[in-house]
1. Within region 294-306, does at least one residue satisfy the condition of being farther than 24 Å from residue 126 by Cβ, surrounded by fewer than 23 Cβ atoms within 10 Å (Cβ to Cβ) and under 22 Å from the mean Cα position of the chain (by Cα)?
2. Hey, any hits in region 267-281 for a residue that's open to solvent by less than 20 Å² (accessible area, probe 1.4 Å) and either at pLDDT below 90 or under 27 Å from residue 112 (Cα atoms) (or both)?
3. Take residue 78 and tell me if it is under 27 Å from residue 353 (Cα atoms), part of a loop (DSSP other than H, G, I, E, B) and either at pLDDT below 85 or open to solvent by less than 40 Å² (accessible area, probe 1.4 Å) (or both).
4. Looking only at region 45-62, which residues are at pLDDT 75 or above, surrounded by fewer than 21 Cβ atoms within 10 Å (Cβ to Cβ) and either in contact with a Lys or Arg (Cβ under 7 Å, 6 or more places away or on another chain) or more than 9 Å from residue 331 (Cβ to Cβ) (or both)?
5. I'd like the residue in region 192-214 that is at pLDDT 95 or above and not in a loop (DSSP other than H, G, I, E, B) and, out of all such residues, is most open to solvent (accessible area, probe 1.4 Å).
6. Can you name every residue in region 222-249 that is open to solvent by less than 40 Å² (accessible area, probe 1.4 Å), at pLDDT below 95, at negative phi and not polar (S, T, N, Q)?
7. Counting just the residues of region 314-353 that are farther than 19 Å from residue 229 by Cβ, charged (D, E, K, R) and touching a residue at least 40 places away in the same chain (Cβ under 8 Å), which one comes out least open to solvent (accessible area, probe 1.4 Å)?
8. Does region 267-288 contain at least one residue that is assigned to a helix (DSSP H, G or I) and over 26 Å from the mean Cα position of the chain (by Cα)?
Amino acid sequence: MSWNTFGRVFRFTTWGESHGPALGVVVDGCPPGIALSEADIQPFMDARKPGQSKYTTQRREADEVRILSGVFEGKTTGTPISLMIENTDQRSKDYSEVAKAYRPGHADYTYDAKYGFRDYRGGGRSSARETAARVAAGAIARKVIPEVEITAWVEQIGDVALDYARFDKGTIRSNPFFCPDPDTVTRWEDLVDSARKSGSSLGALVTASAEGVPAGWGAPIYAKLDSELAAAMMTINATKGVEIGDGFAAVTNTGESNADPMRPGADGTVEFQANHAGGIAGGISTGQPVTCRVAFKPTSSILTPVDTITSEGEATQIQTKGRHDPCVGIRGVPVVEAMMALVLADQKLLHRAQCA
């Protein structure tokens, strides 16, 4: 069985391929009575869509979303919400060589091994184009959690990281890298442009934070908020690692340095003096910002020739023509935000079901 659905109460199912006529998503479990229109979704689609700068793929897609069901007179009805995004700028002929040989690092070989054949046009279902549907679903999820503000940014590209001493949240959407450090933008421009011109690609590290999550979301053991977040982030194309809070850096901490000390706050609230845990303890939110970091590998489709085999098992080399992101992690920022929103919306509804 192939799994195309994610979530428990707030569930979404994506459909479609990179070079098919359209792709989309069905969102089920959304509460009724929430104001929703295409205009609420489109800004998030625009943040992710391709062709907006020379640092991303030059495929040109408007990514205009259409609501096909689940909304009546401007409000959700409680029934499945179906969204569709048309593909308008496919160039399947660019993938003629991919039809004959596998791209190392891509899903070509594994899809063939699993299904016995594959859609080689842009990678079909394995293409990052599928994430457009997730971003659309994430826009609906944000409507379910209006109390939460989710922000993601690129922290590092290749071996060049931003300087958090210059962190400026207001600049994240003002540059093509989703970078909160204006001084680092120039360095990334040169770095990514050099990789693009040489026919190579780069990896990236994306950080996300959700502020306003109340204490209590999540569940012990098998529906932990952090395990759900990790699973959601690992479903994103090209993701190879996820950290919650301090993540792997916690290995070098001691018990006392890794603790998040608490003090009594005003009106019976709790004040934390640190957030090493990323806003989650025992799988349940603490009321602090929920934070995670997502590592994206370099794009597998590159112009530099690499060793591979044909579908008949013969040795050959392949260079992938067409239009590809020199750093896929850049456009991963809106996708990371969407997946965080989808998990938090699901956990809010799960919490309400048990502890209304």
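1. no
2. Checked against the condition, which is being open to solvent by less than 20 Å² (accessible area, probe 1.4 Å) and either at pLDDT below 90 or under 27 Å from residue 112 (Cα atoms) (or both), region 267-281 yields no hits at all.
3. Yes, satisfied.
4. The answer is 46, 62.
5. Among those that are at pLDDT 95 or above and not in a loop (DSSP other than H, G, I, E, B), it is 211.
6. Answer for region 222-249, where residues must be open to solvent by less than 40 Å² (accessible area, probe 1.4 Å), at pLDDT below 95, at negative phi and not polar (S, T, N, Q): just 223.
7. Applying the filter and picking the extreme gives 325.
8. yes
The values are calculated or read from the model by the stated rules, or taken from the named source; none is laboratory data. It should be emphasised that the depicted structure is a prediction, and the values quoted were computed from it without experimental measurement. Virtual Cβ from ideal backbone geometry, glycine too; neighbours counted across all protein chains shown. SASA here: full protein model, heavy atoms, side chains in, ligands and nucleic acids out. Shrake-Rupley method; radii C 1.70, N 1.55, O 1.52, S 1.80 Å.
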